[in-house]
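Worksheet: one structure, shown below.
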Amino acid sequence: MNILKQAKFFWTSIVLAVVFAIIMQFLIAGGSINQFYVNTLFFIGINIILAVSLHLIIGVTGQFSIGHAGFLAVGAYASAIMTMKLNMPFPVALITGGIVAAITGLIIGIPSLRLRGDYLAIATLGFGEIVRIVFLNMDYVGGASGMTVTHLTTWPWLIGCVIVTILVIVNFTNSTHGRACISIRENEIAADAMGINTTYYKVTAFALGAFFAGIAGALYAHNFYIIQPTNFGFLKSFDILIFVVLGGLGSMSGAVIAAILLTIISTYLQSYPEIRMVIYSLVLIIMMLYRPQGLLGTREITSFFKVGKSAKGRNAA
Amino acid sequence: MTASTQLLKVENAGIRFGGLKAVSDVNLELKKGELVGLIGPNGAGKTTFFNLLTGVYVPTEGSISLDGEKLNGLAPFKITKKGISRTFQNIRLFNELSVLDNVKVAYHSQAKHSIFSSILRLPSHFSGEKEMEEKAIEFLKIFKLDDVLHEKAKNLPYGQQRRLEIARALAANPKLLLLDEPAAGMNPQETEELMNLIALIRKRFDLTILLIEHDMLLVMGVCERIYVLDHGQLIAQGTPEQIRSNPKVIEAYLGEEVS
């Protein structure tokens, strides 16, 4: 019964998302939306993918990784090399970006996921910086002056990737495999004692998160005409981390909402460059003071619609 | 006792942390279907010994085998799959997960559907999840936890948390169940219920149980044999009567009888 309800909800949301995507496509193609808003929309989409992919690593599996911009960079450069140097079509570049980032995730994850808490955070932070510096010193991709990239990211590709990312991560989380990851977050020793291969699931979550960050990187690279190593510094990693923490650790919809809100706030604050970071930081400080568990806590947005129903169900049982 | 074949064999097992010998030279045997107690003063190495059995620590000396298979050096999750499952001295539930999901996690290693089928929501995902859910609900009925299925584990009262932990350990389908101070912090009535529960699961699941406990009433009441550990070494073993009158045990742990 529960599974049936889940499936119904699942298909309704997909249909709604596709309808939204098609309407937006017509509006953008027809030119009825200001280019400024279109840019913001694209930025929001990329940030949603980043937030959701990091949510899988931190919110679901509980591995505090703060080098996510590293995977973004790997995806961006790998895809840019595919389109600009090897003249491959955009879809191939997109997938390559994801796969190369996922492989990087595996290489980084297998040794560093043995570390816990603060140590893992420091190791991943170091990874992010290493990636940036490697690209900075690679003449093949333009070094510090960066690499020019054709604008190929279009609305259908963007929204398609956002929908697929959310679907995959929701489906993964709401299965026995996702529960295995959550059990690691809740108590790693107990998870181990219950027969969960903790290393395998930590690495899987890490690689899956890295894959989607790589996809986001490909979309990012082909949206902004130029990519430079400075775009992928640790501040970028913190931006993504803030989406996840502000939305509520463990809540995917929270991460999505936070990504949307913060992208809009920071875009509008660009008109006030002097006080932009001050206001942005103030928003975060106030948020953490009055709602330290994040926007949604560990709940999902869907649980707010179901409150009445599930309460009834519990009484009946 | 039913078939008197050997299940667990521990030979000269021990572990040292640097220069400290936490456990050394432990020889212990469990026959199928036995209920055996492990007692000793605080810091004697009882929990460390459990950690050796479950693979949390790798023994630096000696060997441990279950059903003739050597367990030394296997990862904890592999040892669980081989048939040793445990509870913890300080409860370690998955607090944010529901009671039902806590048990489902223990079923995970028996799951048949792959990550791939879950992501693509293939039919095998739905059938696999459904089977797990039905099994878990049936299972929780035995433990009288079926009225709190969707409650988060952290919201349960203490006694129920202990019971859920035992249920979760049993859901992993062990041959040997290790209970680390299951009655800690329980009042006499709860302890009584726990003793009944242990008797029930033993019959129902054809289990061998090794338990650490400080509550002598419980240990002497349910255990068929008792091992006594002090300073990392076994100082005695035998039936409850033998242990009760063993001078070494009285000196190290039980103390002189007052009455």
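Once both axes come from the Cα atoms, what is the angle between helix B:123-142 and the longest principal axis of chain B, in degrees from 0 to 90, rounded to 10?
So the helix axis and the longest Cα principal axis differ by about 40 degrees.
Build a GNM of chain A with springs between Cα atoms under 10 Å: which of A:Ala255, A:Ala17, A:Ala218 gets the top mean-square fluctuation?
Residue with maximal mean-square fluctuation among A:Ala255, A:Ala17, A:Ala218: A:Ala17.
Give me the percent relative contact order of segment B:9-84, please, defined on Cα pairs under 8 angstrom at least 6 residues apart. Intermediate results must be reported in sequence, preceding the final value.
Numbers: 105 pairs, mean separation 24.0, N = 76.
In percent, rounded to a whole number, it is 32.
Whole-Hz ³J(HN,Hα) for each residue in segment B:235-243, computed from phi via Karplus 6.51 cos²θ - 1.76 cosθ + 1.60 with θ = phi - 60°, x for glycine and proline: what do you get?
With the stated coefficients, segment B:235-243 comes to 10, 6, 8, x, 6, x, 5, 4, 5 Hz.
Which entries of A:Lys202/B:Lys104; B:Lys32/B:Lys78; B:Lys78/B:Lys144; B:Lys135/B:Lys175; B:Lys31/B:Lys203 have Cα-Cα distances beyond 25 Å here? Please report the intermediate quantities before stating the final value.
Numbers: A:Lys202/B:Lys104 19 Å; B:Lys32/B:Lys78 21 Å; B:Lys78/B:Lys144 30 Å; B:Lys135/B:Lys175 19 Å; B:Lys31/B:Lys203 15 Å.
Violating the 25 Å Cα-Cα cut-off are B:Lys78/B:Lys144.
What is the fewest-to-most order of A:Phe211, B:Phe88 by other Cβ atoms lying within 10 Å of their Cβ? Don't skip to the end; give the middle numbers.
On the way: A:Phe211 27, B:Phe88 20.
Ascending Cβ contact count within 10 Å gives the list B:Phe88, A:Phe211.
Test of understanding: ordering A:Arg291, B:Arg168 by Cβ neighbours within 10 Å, fewest first, what list do you get?
Numbers: A:Arg291 13, B:Arg168 29.
Fewest-to-most ranking of A:Arg291, B:Arg168: A:Arg291, B:Arg168.
If you take the charge dipole of segment A:38-233 about its Cα centre, with +1 on Lys and Arg Cβ and -1 on Asp and Glu Cβ, which of A:Ile159, A:Val100, A:Gly195 is farthest toward its positive end?
Checked the options; the winner is A:Ile159.
Along the charge dipole of segment B:130-259, Cβ charges K/R +1 and D/E -1, which of B:Ala252, B:Leu217, B:Ile166 sits furthest on the positive end?
Toward the positive end, the furthest listed residue is B:Ile166.
Kindly identify segment B:4-51 as rounded, prolate or oblate by the Cα gyration tensor criterion: order the square roots of the eigenvalues as a ≥ b ≥ c, call it rounded if a/c is under 1.5, otherwise compare a/b with b/c, prolate if a/b is larger, else oblate.
On the way: a/c = 3.40, a/b = 1.78, b/c = 1.91.
Cα axes put segment B:4-51 in the oblate bin.
Pulled fully out, how much extra length does the chain show between B:Asp147 and B:Ser63, if you take 0.36 nm times their separation in residues and subtract their Cα-Cα distance? Walk me through the numbers before you get to the answer.
Working: separation 84, 0.36 × 84 = 30.24 nm, distance 4.34 nm.
Between B:Asp147 and B:Ser63, full extension yields 25.9 nm more.
Looking only at Cα atoms, what is the convex hull volume of the protein assembly as shown per residue, in Å³?
Values: hull volume 107.9 nm³, N = 576.
Spread over its residues, the Cα hull of the protein assembly as shown gives 187 Å³ apiece.
Measuring from centroid to centroid over Cα atoms, what is the spacing of segment B:181-259 and segment A:21-35 in Å?
Comparing the Cα centres of segment B:181-259 and segment A:21-35, I get a distance of 74 Å.
Calculate the spin-label point distance for B:Ala184 paired with B:Leu122, positioning each point 7 Å from the Cα along the beta-carbon direction, and give it in nanometres.
4.4 nm
Say a site is exposed when it is one of the trypsin sites (Lys or Arg not before Pro), sits in a DSSP loop, and has at most 12 other Cβ atoms within 10 Å; what is then the longest site-free stretch of chain A?
On the way: sites that count: A:Arg114, A:Arg116.
The segment A:117-317 is the longest one with no such site.
Give me the Kirkwood hydrodynamic radius of segment A:38-233, using the inverse of the mean 1/r over all pairs of distinct Cα atoms, in Å to one decimal. Intermediate values should be presented prior to the final figure.
Values: mean 1/r = 0.0598 Å⁻¹.
Answer for segment A:38-233: a Kirkwood hydrodynamic radius of 16.7 Å.
Please state the Cα pair-distance histogram of chain B with 5 angstrom bins from zero: what percent is in each bin?
1, 6, 12, 16, 18, 16, 13, 9, 5, 3, 1, 1, 0, 0
Order of A:Tyr200, B:Tyr107 from fewest to most other C-beta atoms within 10 Å? Could you put the intermediate results ahead of the total?
Numbers: A:Tyr200 12, B:Tyr107 23.
Listing A:Tyr200, B:Tyr107 from fewest to most nearby Cβ atoms yields A:Tyr200, B:Tyr107.
Read-outs: derived from the displayed coordinates by stated rules, not from any lab. It should be emphasised that the depicted structure is a prediction, and the values quoted were computed from it without experimental measurement. In this analysis, Cβ positions are derived from the backbone assuming ideal geometry, glycine residues included, and neighbour counts consider all displayed protein chains.
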